[in-house]
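All remarks here apply to the structure that follows.
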Amino acid sequence: MATAHLLRRACSAFLSSTTTGPLPRLRQPRAAMATDSSAPFQKIQIQREDTTFDAYVVGKENAPGIVVLQEWWGVDYEIKNHAIHISQLGGGYRALIPDLYRGKVALDVAEAQHLMDGLDWQGAVKDIQASVKWLKSNGSPKVGVTGYCMGGALSIASGVLVPEVDAVVAFYGTPSSELADPSKAKAPIQAHFGEHDSFVGFSDVTAAKSLEEKLKSSGVPYEVHIYPGCSHAFMNTSPEALKRKKGMGLTDENQEAVDLAWSRFSAWMGRFLGSA
């Protein structure tokens, strides 16, 4: 899928700086990664067509729903941190994380690359649609989609391709034109990017401005925000995530930008989804 190629090319600098040989064989996924911090989460299974996938739900029943899409790492501690935070914004939301990698979680950059390369992107869009439908059939009157990096690209794609989506907030990721054309967006889209993001063509400032031009012609409400001094993945602020980012050469920390982005997220979802 072209989006994977776009992100792979953008990440090549990280791979060259963190690996000195061929990609390692993918380790068996650590089951703990899918179950640690499970206390607030309800694990469910969602079926679409001839496949079933796990998903993790947190938040108030009958509240507006938000599908939360993983980075290239998989369903790890940080995407769960984001989902918990989202569930507590405003009057409360019901957040759902679909497991797009079917239980696999990357432990380093090379593994994340391997998993993302193997993703069926069209299938992932179908997973998102099934997740949105699950929330709507289980008490959420309206449902938005949000995502980070790979999930950011998929969230924008869902705003184009999934008619049941009521609003989108995307963080530092854009879909390839082969996956989805943002000029044909049907849901309101808000997007967030770091000024110093170096993932060229995927989430750098040029990609952000290109997205903005396409959204202008879509006719849907949109916002594109660029945060001065921030690099890729600036929303990841847990101690574990900061350590991982530093290992990738991402050393910036900007809590003011993080707080502003969450404020804008809350206002956008509250505007289009309402609150519990």
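The values are calculated or read from the model by the stated rules, or taken from the named source; none is laboratory data. Here the structure is a predicted model, which means the values were calculated and not measured. A quick note on method: Cβ atoms are made from the backbone with ideal geometry, for glycine too, and the neighbour counts reach across all protein chains shown. Accessible surface is based on the protein model in full, side chains and every heavy atom, while ligands, DNA and RNA are left aside. Shrake-Rupley method; radii C 1.70, N 1.55, O 1.52, S 1.80 Å.
Here are the numbers for this structure:
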read-out	value
Scope the range 236-253; condition without any contact (Cβ under 8 Å) to a residue 40 or more places away in the chain and open to solvent by less than 30 Å² (accessible area, probe 1.4 Å); matching residues	LYS245, LEU250
Residues located in the range 158-196, provided they are in contact with a helix residue (DSSP H, G or I) (Cβ under 7 Å, 6 or more places away or on another chain), polar (S, T, N, Q) and part of a loop (DSSP other than H, G, I, E, B)	THR174, SER176
Qualifying residue in the range 188-209 (condition: small (Gly, Ala, Ser), open to solvent by less than 60 Å² (accessible area, probe 1.4 Å) and within 14 Å of ARG264 (Cα to Cα))	yes
Residue list for the range 242-276, filter: acidic (Asp, Glu) and either within 18 Å of ALA83 (Cα to Cα) or in a helix (DSSP H, G or I) (or both)	GLU256, ASP259
Complete set of residues in the range 112-141 that are small (Gly, Ala, Ser) and either open to solvent by less than 10 Å² (accessible area, probe 1.4 Å) or more than 16 Å from ILE66 (Cβ to Cβ) (or both)	ALA112, GLY118, GLY123, ALA124, SER131, SER140
Selection count where residues are in contact with a Leu (Cβ under 8 Å, 6 or more places away or on another chain) and open to solvent by less than 10 Å² (accessible area, probe 1.4 Å), scope the range 159-173	2
Wholly enclosed strands (runs of 3 or more DSSP E) of the range 47-108 bearing at least 2 residues over 21 Å from ALA170 (Cα atoms)	51-59
Filter result for GLY152 (at positive phi and either part of a loop (DSSP other than H, G, I, E, B) or not aromatic (Phe, Trp, Tyr) (or both))	no
Residue that is farthest from GLU253 (Cα to Cα), among those in the range 215-230 that are assigned to a loop (DSSP other than H, G, I, E, B) and hydrophobic (A, V, I, L, M, F, W, C)	VAL220
Some residue of the range 256-272 being among the β-branched types (Val, Ile, Thr) and open to solvent by less than 50 Å² (accessible area, probe 1.4 Å)	yes
Of the criteria (1) in contact with a helix residue (DSSP H, G or I) (Cβ under 9 Å, 6 or more places away or on another chain); (2) under 29 Å from TYR77 (Cβ atoms), which one PRO239 fails	(1)
The range 88-111, residues that are among the small types (Gly, Ala, Ser) and surrounded by fewer than 24 Cβ atoms within 10 Å (Cβ to Cβ)	GLY90, GLY91, GLY92, GLY103, ALA106, ALA110
Residue check for GLU212: acidic (Asp, Glu) and either part of a strand (DSSP E or B) or open to solvent by 70 Å² or more (accessible area, probe 1.4 Å) (or both)	no
